[in-house]
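Single-structure report; data block below.
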Amino acid sequence: MQQLNLFQESTPVLPLTYYPDFLSQELANELYQHCLKLEWQQNQIRIAGKTMPVPRLECIYGDAGCDYLYSNSVFLKPLTWTDNLPKRDSITALTGYKFRIVIGNQYRSGQDSIGWHSDNEPSMGYEPAMPAAGYAYASLSLGGVRKFQIKPRDGKPTDFWLEHGSLLVMHPGCQSTHLHQVPKTKKVVSNRINLTFRPHTGGGG
Ligand SMILES: O=C(O)CCC(=O)C(=O)O
């Protein structure tokens, strides 16, 4: 499988590995069709005292007890893993990293987005005092290609285009040192689904 070790090969150095053909086009098409039927919802987020809709649809699947709160305002309770979301085992086999939940994002148009952030929720095991120990996070992209940007907390962004069937792995420490986003675009873009596989400290697993 083709693999780009961006943390070794790119300038600036990035703590990422990108697998452009993690899934064959046929498997990616099948998974995309399956994912359209997942339990998508539009959650509300509270930012600077204002409540507003999250600018994308979300869903969460995973192990029991792995509830997820982000931005101190969006609470997600995982549904049971479905047979058609078995990719966590193949991602673990490929990368060696273990995952307990998958959060899905669906970007219906160029107006759907996720702003600059890092995934540093304590429920994932985030430990600011030990950032290098950290945890990994894997992101599977399906459907329309969107720009993904990543930057050091005090640096300049690098742009990637995450392709249908690709897998992007953010290595341990990345959430301490870098921020990432999928910006809005005025271009016409197809519906995109992204599955983010994450660890979790809950549920006794
Ligand atoms: O859609 C993507 O590729 C990124 C999603 C993301 O950053 C997140 O769920 O935290």
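Table for the structure above
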read-out: Of all accessible heavy-atom area on region 4-198, the percent that carbon and sulfur account for (1.4 Å); value: 55 percent
read-out: GNM flexibility winner over the chain from Tyr61, Tyr70, Tyr32 (Cα, springs under 10 Å); value: Tyr70
read-out: Whole-Å distance, taken between Cα centres, linking region 39-57 and region 104-183; value: 19 Å
read-out: Value of [θ]222 nm, deg cm²/dmol, for the chain, DSSP H segments ≥ 4, -39500 (n - 2.57) each, nearest 500; value: -3500 deg cm²/dmol
read-out: Neighbour cut-off at most 12 other Cβ (10 Å), DSSP loop, trypsin sites (Lys or Arg not before Pro), region 19-84; value: Lys37
read-out: Shape call, region 136-205: gyration tensor on alpha carbons, a/c limit 1.5; value: oblate
read-out: Karplus (6.51, -1.76, 1.60) ³J(HN,Hα), θ = phi - 60°, over region 110-125, in Hz, Gly and Pro reported as x; value: x, 7, 7, 6, 9, x, 4, 6, 10, 8, 10, 6, x, 5, 8, x
read-out: Accessible area of Glu39 in the full protein assembly, 1.4 Å probe (Å², nearest 10); value: 120 Å²
read-out: Gyration tensor verdict on region 60-143 (Cα atoms; rounded if a/c is under 1.5, prolate if a/b is larger than b/c, oblate otherwise); value: rounded
read-out: Cα gyration tensor category, rounded, prolate or oblate, for region 1-88 with a/c compared to 1.5; value: oblate
read-out: ³J(HN,Hα) computed for each position of region 162-179 - Karplus, 6.51 cos²θ - 1.76 cosθ + 1.60, integer Hz, glycine/proline x; value: 8, 8, 3, x, 8, 10, 10, 9, 9, 7, x, x, 4, 6, 8, 9, 10, 10
read-out: 5 angstrom amide H check on Ile60, placed H, neighbours 5+ away; value: Leu79, Gly104
read-out: Average accessible surface area per residue within the chain, 1.4 Å rolling probe, Å²; value: 49 Å²
read-out: Exceeding the 32 Å Cα-Cα cut-off - candidates Lys98/Lys187; Lys98/Lys156; Lys156/Lys187; Lys50/Lys98; Lys77/Lys156; value: Lys98/Lys187; Lys50/Lys98; Lys77/Lys156
read-out: Candidate aspartates and glutamates for bridging to Lys151, where Cα separation is under 14 Å - those fewer than 8 sequence places away on the same chain excluded; value: Asp119, Asp159
read-out: Region 4-198: radius of gyration over Cα atoms, expressed as a fraction of 2.2 N^0.38 Å; value: 0.97
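The values are calculated or read from the model by the stated rules, or taken from the named source; none is laboratory data. Only a predicted model underlies this, so the values are computations on that prediction, with no experimental measurement involved. Here the Cβ is made from the backbone with ideal geometry for all residues, glycine too, and neighbour counts use every protein chain on show. When the accessible area is computed, the model is the full protein with side chains, heavy atoms only, and any ligands, DNA or RNA have been set aside. Shrake-Rupley method; radii C 1.70, N 1.55, O 1.52, S 1.80 Å.
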